[in-house]
Structures are given as structure tokens and as C-alpha cells.
1. Touching a residue at least 60 places away in the same chain (Cβ under 8 Å), farther than 16 Å from Tyr119 by Cβ and surrounded by fewer than 16 Cβ atoms within 10 Å (Cβ to Cβ): which single residue out of Arg232, Arg202 fits that description?
2. Does at least one position in the range 121-129 carry a residue that is in contact with a Pro (Cβ under 7 Å, 6 or more places away or on another chain) and of a type outside the set (A, V, I, L, M)?
3. Being more than 17 Å from Leu242 (Cβ to Cβ) and either surrounded by fewer than 16 Cβ atoms within 10 Å (Cβ to Cβ) or more than 12 Å from the chain's Cα centre (by Cα) (or both) is the filter here, so list the residues in the range 87-111 that pass it.
4. Could you identify the single residue in Ser114, Ser131 that is within 17 Å of the chain's Cα centre (by Cα), more than 21 Å from Pro180 (Cα to Cα) and in contact (Cβ under 8 Å) with a residue 12 or more places away in the chain?
5. Can you name the residue in the range 167-192 that is in a strand (DSSP E or B) and open to solvent by less than 10 Å² (accessible area, probe 1.4 Å) and is also farthest from Ala32 (Cα to Cα) among such residues?
6. Taking Glu245 as the residue in question, decide whether it is open to solvent by 20 Å² or more (accessible area, probe 1.4 Å), closer than 30 Å to Lys19 by Cβ and either part of a loop (DSSP other than H, G, I, E, B) or touching a strand residue (DSSP E or B) at 6+ places or on another chain (Cβ under 8 Å) (or both).
7. Please tell me if Asp115 is part of a loop (DSSP other than H, G, I, E, B), at negative phi, among the charged types (D, E, K, R) and at pLDDT below 95.
Amino acid sequence: MDAIATRFDVDAHAERLRKDGYTVIEDFLDEAGLAAFREGLAPYLGSHHGRNDFEGFKTERIYTLVARGKVFEEIAADPRLMALIGRFLRPNFLLSASHAIDLGPGETPQNIHSDDGFYHQRRPRAPIGVSVIGAISAFTKENGATEVIPGSHLWGEPDGEGWPKDRAELADRLVPMEIPAGAALVFPGTLLHRGGANLTDRPRLAFTNQYCEPWARPQENFWLSVPKEMVREMSPQAQKLLGYEIAPPFLGMVTASHPAKALEPGWIPPVVAQKP
């Protein structure tokens, strides 16, 4: 990845993202990276199927992916993504969600949504989150490629600026992101999109990593889901993404101390160590 990162044009990708609401990193994973992803994910497949129409009743999702293997950690903390996302979110932004998505045959399309809409801040606005969807299988219109509405990241409140008068017209504006295996789609949390329907007889494998402002609450509670023993073995960048860093001036402190101190061997919470 290092050689690729040196020729990564972050300015061009940032401009496309600002203008169109998305960009595609065509060579995000090479063949070795794709093989490592599939090998690392294989032991976990079969563990969690969708519980509602949004997750997908015929879709399998593996949550907390960042902690399930070094390959997934490296993807989440990829320097190209860090550089691009850093153009839109404040320093020491957080990983909000990390999971694999195996879209099964016969899966229906999701509802059209935006990924950071649950923060309930009025539109139009800057994104509070940035999403990455990586294609492990090639994305096609037939197998459920992510579908986006270009330019919708700039729209105002529903029924306001940019929105069609007839909400049913939204589906007509969707564009399938037909991208090769190894490519990554990046878009702000304000972009309207959905997962498409899988009309084929084979699953479509992907991953998503979503990032948020350092002051926002992440979707996944990684402080509880990833044991500190595992976090200690991660890279400094991955540790920052999981919240073991300060967002200026003091967001994320641990009893007035830097959160990384909690990773030191033998660390005892002050409320325990200082208990009378």
C-alpha cells in the first residue's frame, strides 16, 4: 500500500467528493489484499444475518471488523483514507462503524438514506461522518451495487432545496456504483444512497468503514467491544481511531489524563486506585 499511497492524488479525490458527493479509489486493494481479506473473514462468516430490512434479511454482516484481523485494521487506518477524510473531518476523527457485508442472492434494496442523518443536524451542512464502502466482489447493477444520488450531499432539509416534489422520483436519480473488486467508494455522510438489490445467484462481498467527527458518538462502542489487550497490539493510528486520543481541547480525557494511558500494562482506573 505504501507505493500506492505515494501516488495517491488526495486533492483530486477531495474535489470530486466536494463536487459530486463521492469518489472512487480504483486501486484501493490489490489481488493480495483481496485474498487476505477473504482469508481473514472466512472464519466469521455464518455468524450474523440481518434482523430487519435495512440490515437485510438475506445479508450477513460481521461487525467490529477492525478488530478481527490485522488486514482489517490496516484497511481502516489506510494512510490514503486518513489523508482524504482529514480534508472533511477535524483532527483525531474517530472510526464510527466497521463491518463486512455479504449481500446474499435475492436481497432487496435498502431504503434511500444518508449515513450521518441520525445526528439530527439541519441540512445543508458539512458532513459529520465520511463513509467508505470497499468492493471485495466486483459491484454490478445486478448484484446489488451501492446506488447514489450525485449532488444530494448539498441538499437542504427534506422537501427543501434540491429535493424533488414527488419523493418517488428519488429512486429515478439513483446511479449504481459499478466498480471493480479492490475499489473503494468514499462519500460524505450527507449523500443520499442505498444498497441495491442482488438479482444474481451469488453473494456480493464488501466492507464498510465509517468515520465521524471526534466530538460525535460513534455507531459502534469500540471501547466496550474491543478489549484493551487487543488495542495495545494495534498501530498508533488505529488506536486513535478507536478513541485513545484527545480531541482538542480535552474531549476524551480519562479522569483528567490522556486516554492512551489506559493502555499501559497495569493501569488501574483512578476511581479504583484512589478509592479511600
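The values are calculated or read from the model by the stated rules, or taken from the named source; none is laboratory data. Since this is a predicted model, take the numbers as computed values, not measurements. Quick reminder, even Gly has a Cβ in these numbers, built from the backbone with ideal geometry, and neighbours come from all protein chains shown. Heads up: the accessible areas ignore ligands, DNA and RNA and are worked out on the full protein's heavy atoms, side chains in. Shrake-Rupley method; radii C 1.70, N 1.55, O 1.52, S 1.80 Å.
1. Arg202
2. Scanning the range 121-129 turns up at least one residue that is in contact with a Pro (Cβ under 7 Å, 6 or more places away or on another chain) and of a type outside the set (A, V, I, L, M).
3. Of everything in the range 87-111, those that are more than 17 Å from Leu242 (Cβ to Cβ) and either surrounded by fewer than 16 Cβ atoms within 10 Å (Cβ to Cβ) or more than 12 Å from the chain's Cα centre (by Cα) (or both) turn out to be Arg87, Phe88, Asp102, Leu103, Gly104, Pro105, Gly106, Glu107, Thr108, Pro109, Gln110, Asn111.
4. Only one candidate passes the filter, namely Ser114.
5. Pro188
6. no
7. For Asp115, the condition - part of a loop (DSSP other than H, G, I, E, B), at negative phi, among the charged types (D, E, K, R) and at pLDDT below 95 - is not met.
To keep it simple, each residue is scored yes or no on (1) of a type in the set (A, V, I, L, M); (2) open to solvent by 20 Å² or more (accessible area, probe 1.4 Å); (3) within 18 Å of Ala238 (Cα to Cα); (4) touching a Cys at 6+ places or on another chain (Cβ under 9 Å).
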residue: Asp27; (1), (2), (3), (4): no, yes, no, no
residue: Ala32; (1), (2), (3), (4): yes, yes, no, no
residue: Glu39; (1), (2), (3), (4): no, yes, no, no
residue: His49; (1), (2), (3), (4): no, yes, no, no
residue: Asn52; (1), (2), (3), (4): no, yes, no, no
residue: Arg61; (1), (2), (3), (4): no, yes, no, no
residue: Gly69; (1), (2), (3), (4): no, yes, yes, no
residue: Glu74; (1), (2), (3), (4): no, yes, yes, no
residue: Asp78; (1), (2), (3), (4): no, no, yes, no
